[in-house]
Structure formats: C-alpha cells, structure tokens
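Step one of this worksheet: look at the structure below.
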Amino acid sequence: MQEIQLILAQAQTVLAQLAFQALAVLGLALAWLLVAIGSRDRHYHAWRRFFGDVAATAVAFGLLWLVVLATAWPALLERVGNVLGPLLAALAALWLVVQACLARALASPVRWRQVAGTWLTALGYSAALLLVVTAESWMREPVGAALIDGRFLVIDWQQLFYNEPLVRVVLATVLGALTVFAGLLPLQQRGAAHHALRLPDRWRRALAVLGLVAGFLLVWLVSRLVGANSLGAFYDTVLQAPNDSLSGWLMRALLVLWIVTAAGLMVGLGRRRSPLTRTIGLIPVVSAPLLWCLAWWHLNVHAQAALVSGLPAVDLVSGESAWVLTLGLVLVLVVVLAGLWVLIARWRGRDARAFDPNRSLAGAT
C-alpha cells in the first residue's frame with residue numbers, strides 16, 4: 001500500500017512541476033523577446049499581454065506545485081523548510097517589487113521608463129526562475145546544507161547557488177526556453193491573434209535556427225547525464241536499453257521528439273508553403289514542449305527518483321489513503337488542463353480583446 005501512495009504522490013508532483021516548467025521557460029523566452037523587439041514595435045503590446053497570460057499561468061502552476069508538496073509530502077517540508085523558506089520568501093519579495101516597479105514604468109508615457117520596465121521584467125523574471133530552479137535542483141542534490149536534528153540547515157550559501165548540478169539545470173532551462181518558443185512560432189499563422197502576435201520572417205527564421213541548436217544541445221546534456229560522450233553513443237545507449245525499462249522507453253521518446261521537432265523547424269525555414277509543409281511545420285507546437293518536459297525529467301527526476309533531498313522518498317510521502325491521493329492527482333490534472341485550455345483559448349483569439357493593442361497596459365502582468 002505504501003508503494004501505491006508513493007507512486008500517486010510522485011505522479012502529482014511531477015505533473016505539477018512539468019506544467020510549471022513548460023510555461024516558465026516559455027515566459028522566459030517571451031520576457032527577453034520583449035526586450036529584443038522594443039516598445040516601439042507595433043506588435044509589442046500584444047506580445048506584452050501574451051507574456052502576462054503565460055506568466056500568470058506559470059505562477060498558478062507554481063502555487064499548485066507548492067500545494068502538492070504541502071499535502072503529499074508533509075514530512076519533506078518539515079526537513080527542508082529552513083532551506084526552501086528563504087528561497088521562496090526571496091522569490092515572493094522579488095516578484096512583488098518587480099510588479100510594482102513595472103506597473104509604474106508602463107503607465108508612464110516616457111519611453112525610457114517603458115524600456116526600463118521591459119528590462120526590469122526580463123531581469124526580474126529570470127532571477128525568479130533562477131530561484132525556483134535552485135530550489136528544484138537542491139531538492140534533488142542537497143549541497144551546501146547539512147541534516148541536523150532531522151532538519152536541513154544551510155552551512156554554505158555560496159555552494160548552494162553555485163554547484164555543477166545547478167549550472168547544468170540552468171543551462172538546460174535556457175535551452176528549453178529557446179526550444180519551446182521556437183516550436184510554438186507556427187501558431188502565429190493561426191487564429192485571431194495572427195495579426196497581433198507576429199514577428200518578421202527574418203526573426204522567425206533566426207529563432208527557428210536557435211531552436212534547432214538549442215534542441216541539439218539539450219539532448220546532448222541528457223546524453224552526458226547517462227554517461228554517453230556523444231550523440232552517437234547516446235543513440236547506442238537508447239537502442240540497448242531494455243524493453244521492460246521505463247527509463248529506456250522515455251529515452252527513446254526523447255530521441256524521437258528531438259528528431260520530429262528538428263524536422264518541423266527545418267521545414268519552417270523554407271519559403272515555399274504548401275498544405276503538407278504547413279502541417280509538418282506545426283509538429284513542433286506539440287513536440288517541442290514535450291521534448292523539454294522529458295529532458296527536464298531526465299535532468300531532475302530520473303537520476304534519483306527514489307530519493308528526495310538525499311532522503312528515501314518512501315519515508316517522506318503522506319500517510320493519507322490511496323483514494324485520497326488519487327483524488328488529489330485527479331484535481332491536479334483538472335487544474336493543469338483548465339489552465340492550459342484558458343491560455344490556448346486566448347492565443348487562438350477566443351478572447352480577442354486580449355490582443356487589442358489599443359488597450360492600456362496597466363495591470364498587464
């Protein structure tokens with residue numbers, strides 16, 4: 001029975017984290033896109049509003065993840081509270097300060113304040129995501145802290161913020177942002193948002209190339225994690241993985257997703273359009289986020305699935321009955337699907353006012 005409870009708790013946690021990661025990296029790409037295009041671009045306001053929607057949904061999924069931790073892993077929070085507490089407090093304070101400064105900057109007609117607000121958004125969002133990634137990485141490999149009287153206490157903050165696993169995950173997060181955003185670019189051609197959320201062709205091609213390179217490097221990072229020194233060796237490792245192993249099938253899925261994502265992005269680089277090429281070009285819309293989710297799983301979960309913060313996961317899981325945890329899993333799934341449905345509905349123009357560039361930017365995020 002305890003094994004079933006562990007599986008249900010892990011399923012809730014991974015689902016909430018994957019939903020957060022998919023949107024968090026997309027928000028990171030959008031934040032720096034706004035810096036790149038500048039406030040003078042006529043599509044800036046629409047991209048700004050879409051970034052606000054993505055960031056708000058990512059925050060909602062992040063809160064969902066914290067709720068899952070509190071309900072499914074109560075013993076874990078007792079042990080790691082001294083480490084996660086300061087990180088989450090810094091995250092909340094940073095986000096509030098950024099939002100307050102941003103609201104004042106965007107309400108001003110002075111251009112330099114708008115530029116400063118855009119830069120502040122990108123830097124603040126990046127710093128906030130770095131804190132989240134640091135917390136996630138630490139919960140897998142608790143460096144810079146020691147377990148004293150049943151609780152973790154930080155003994156070296158510098159080591160907590162600078163260690164090899166964290167550097168690897170931060171690099172993967174940047175690559176994931178480029179890959180996911182490049183994969184979603186074909187959606188510009190569909191829905192009522194087509195004329196508002198638009199980039200020049202040269203921008204789209206450049207981002208598609210960056211997505212190709214980022215996807216390649218992302219798979220390379222995962223291959224290094226499993227001990228392969230090259231993608232060829234990783235391919236051999238995938239082929240030799242046992243058929244009854246979940247990790248083996250997930251590595252195969254990662255390789256397939258990378259291939260189809262790269263194929264879709266390369267087709268999108270072409271100038272000639274036909275119904276077939278448009279269809280193939282839409283494949284990365286689904287495959288790129290899935291590629292990032294699987295890469296994230298390999299980087300953060302697969303290596304120590306039986307451990308959380310260096311402790312046996314089975315000792316930290318909630319003591320609630322299996323049906324209660326099953327209900328929690330269903331609720332997490334419903335919340336994730338509802339959040340994604342609302343976001344996709346706004347992208348496809350069902351709420352056309354969300355993309356109206358004449359609306360005030362006050363409260364956009």
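Across region 282-313, which residue is farthest from Ala9 (Cα to Cα) among those that are modelled with pLDDT under 70 and open to solvent by 50 Å² or more (accessible area, probe 1.4 Å)?
The selected residue is Ala303.
In this structure, does Gly52 turn out to be within 21 Å of the chain's Cα centre (by Cα) and either open to solvent by 10 Å² or more (accessible area, probe 1.4 Å) or farther than 30 Å from Leu147 by Cα (or both)?
Considered against the rule, which asks whether it is within 21 Å of the chain's Cα centre (by Cα) and either open to solvent by 10 Å² or more (accessible area, probe 1.4 Å) or farther than 30 Å from Leu147 by Cα (or both), Gly52 comes out as yes.
Would you point out the residue of region 9-19, among those that are buried (at least 23 other Cβ atoms within 10 Å of the Cβ) and of a type outside the set (S, T, N, Q), that is farthest from Trp119 (Cα to Cα)?
Selected residue: Ala9.
Got at least one residue in region 35-48 being at pLDDT 85 or above, open to solvent by less than 50 Å² (accessible area, probe 1.4 Å) and over 18 Å from the mean Cα position of the chain (by Cα)?
Yes, that holds for at least one residue.
Taking the condition touching a residue at least 60 places away in the same chain (Cβ under 8 Å) and either assigned to a helix (DSSP H, G or I) or among the basic types (Lys, Arg) (or both), does Gly85 pass?
no
Across region 172-190, what is the total count of residues that are modelled with pLDDT under 90 and more than 17 Å from Ala262 (Cβ to Cβ)?
4
In region 144-162, what count of residues is obtained for those that are in contact with a Ser or Thr (Cβ under 8 Å, 6 or more places away or on another chain) and either under 24 Å from Ala29 (Cα atoms) or open to solvent by 60 Å² or more (accessible area, probe 1.4 Å) (or both)?
Of the residues in region 144-162, 1 are in contact with a Ser or Thr (Cβ under 8 Å, 6 or more places away or on another chain) and either under 24 Å from Ala29 (Cα atoms) or open to solvent by 60 Å² or more (accessible area, probe 1.4 Å) (or both).
In this structure, is Val174 crowded, with 16+ Cβ neighbours inside 10 Å, in a helix (DSSP H, G or I) and among the β-branched types (Val, Ile, Thr)?
Answer is yes for this residue.
Collect the residues in region 4-57 that are without any contact (Cβ under 8 Å) to a residue 40 or more places away in the chain and either of a type in the set (A, V, I, L, M, F, W, C) or in contact with a Ser or Thr (Cβ under 7 Å, 6 or more places away or on another chain) (or both), keeping them in residue-number order.
Residues satisfying the conditions are Ile7, Ala36.
Need pairs with beta-carbon distance below 8 Å; first residue on the phi < 0 side of the Ramachandran plot and outside any helix (DSSP H, G or I) and within region 272-288, second at pLDDT 80 or above and not aromatic (Phe, Trp, Tyr); sequence gap 6+ or separate chains.
Leu282/Gly264
Tell me, yes or no, whether region 197-209 has at least one residue that is within 30 Å of Arg42 (Cβ to Cβ), within 23 Å of the chain's Cα centre (by Cα) and at pLDDT below 75.
Looking through region 197-209, at least one residue is within 30 Å of Arg42 (Cβ to Cβ), within 23 Å of the chain's Cα centre (by Cα) and at pLDDT below 75.
The values are calculated or read from the model by the stated rules, or taken from the named source; none is laboratory data. Keep in mind the model is a prediction, meaning the values are calculated, not measured. Every residue, glycine as well, gets a Cβ built from its backbone with ideal geometry; the counts of neighbours run over all protein chains shown. The accessibility values were calculated without ligands, DNA or RNA, using every heavy atom of the protein model including side chains. Shrake-Rupley method; radii C 1.70, N 1.55, O 1.52, S 1.80 Å.
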